[in-house]
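Structure first, commentary second.
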């Protein structure tokens, strides 16, 4: 597997990262510091469509990971009204979609004949453990399919419901789809968690912190995709 060398523009520290892994903030240790402080690598200019796409998928997954981790167990199964889905049902749907789209991605249609989409909105997983297991299983299909790809694969043709897509089109389609559902998970988790506990750890730029985050990003101390980690590392 090829690697990319990243260099912090302020600290002058280099770090090696395998190609295709997350474009999340990269952590390095300043060996010259007496306290061995950990610094956040800034966002990296990137011309690799595949690497950036995988990074975006990991970013959206991490947002939902952090949202569900804050959510009380019982809130994972609450629906706001009869037309709404619970977090558990959204996870079940996403996992079913991921299996269908990414299993044998290059060689079979993205709508598998054994998929029953309607049932993804019925009978949610019963426990938090089952929700998370289903969630992780779905994402594994995705990363197992994408990480071995080369840039030359982007122009290959795959089908979804018999409609031809380039690999790049298929990836873009799923980025948009999963971002939509992750937004739903975040909305529900924030609303239900705050309603039950009165607490919520922001996963974006916290209120009143825009100027501070802008300054840290400009100085290379934060990455554009790292603000959801800020409270854990400041």
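Residue by residue, here is whether (1) closer than 20 Å to residue 58 by Cβ; (2) touching a residue at least 12 places away in the same chain (Cβ under 8 Å) holds:
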position: 102; (1), (2): yes, yes
position: 111; (1), (2): no, yes
position: 134; (1), (2): yes, yes
position: 142; (1), (2): yes, yes
position: 155; (1), (2): no, yes
position: 169; (1), (2): no, no
position: 183; (1), (2): yes, no
Exercise. Which condition number does residue 219 fail, the rest of (1) within 22 Å of residue 49 (Cβ to Cβ); (2) modelled with pLDDT under 95 being met?
Worked result: (1)
Exercise. Residue 158 fails exactly one of the following numbered conditions: (1) touching a strand residue (DSSP E or B) at 6+ places or on another chain (Cβ under 6 Å); (2) closer than 21 Å to residue 120 by Cβ. What is the number of that condition?
Worked result: (2)
Exercise. Given the structure, is residue 52 farther than 28 Å from residue 94 by Cα and either buried (at least 19 other Cβ atoms within 10 Å of the Cβ) or at pLDDT below 95 (or both)?
Worked result: no
Exercise. Scanning for something more than 30 Å from residue 52 (Cβ to Cβ) and in contact with a helix residue (DSSP H, G or I) (Cβ under 7 Å, 6 or more places away or on another chain), does the stretch 130-145 turn up at least one residue?
Worked result: no
Exercise. Quick check: is even one residue across the stretch 104-115 in the same structural domain as residue 196 (by TED's automatic domain parsing), closer than 25 Å to residue 187 by Cβ, surrounded by fewer than 16 Cβ atoms within 10 Å (Cβ to Cβ) and more than 19 Å from the chain's Cα centre (by Cα)?
Worked result: no
Problem set entry | Meets criteria (loosely packed, with under 14 Cβ neighbours inside 10 Å, more than 17 Å from the chain's Cα centre (by Cα), more than 23 Å from residue 66 (Cα to Cα) and free of Cβ contacts under 8 Å to residues at least 24 places away in the same chain) for residue 151 | no
Problem set entry | Residue in the stretch 65-87 that is under 21 Å from the mean Cα position of the chain (by Cα), in contact (Cβ under 8 Å) with a residue 60 or more places away in the chain and under 30 Å from residue 157 (Cα atoms) present | no
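If you check residue 221 against the conditions, is it in contact with a strand residue (DSSP E or B) (Cβ under 9 Å, 6 or more places away or on another chain), surrounded by 14 or more Cβ atoms within 10 Å (Cβ to Cβ), touching a residue at least 40 places away in the same chain (Cβ under 8 Å) and not assigned by TED's automatic domain parsing to the domain that holds residue 100?
Against the criterion (in contact with a strand residue (DSSP E or B) (Cβ under 9 Å, 6 or more places away or on another chain), surrounded by 14 or more Cβ atoms within 10 Å (Cβ to Cβ), touching a residue at least 40 places away in the same chain (Cβ under 8 Å) and not assigned by TED's automatic domain parsing to the domain that holds residue 100), residue 221 qualifies.
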Exercise. From the list 67, 75, 126, which residue is out of contact with any strand residue (DSSP E or B) (no Cβ under 7 Å at 6 or more places or on another chain), modelled with pLDDT of 95 or more, surrounded by fewer than 20 Cβ atoms within 10 Å (Cβ to Cβ) and in the same structural domain as residue 143 (by TED's automatic domain parsing)?
Worked result: 126
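The values are calculated or read from the model by the stated rules, or taken from the named source; none is laboratory data. None of the values given here were measured: they were computed from a predicted structure. Positions of Cβ are backbone-derived with ideal geometry, glycine not excepted, and every protein chain shown enters the neighbour counts.
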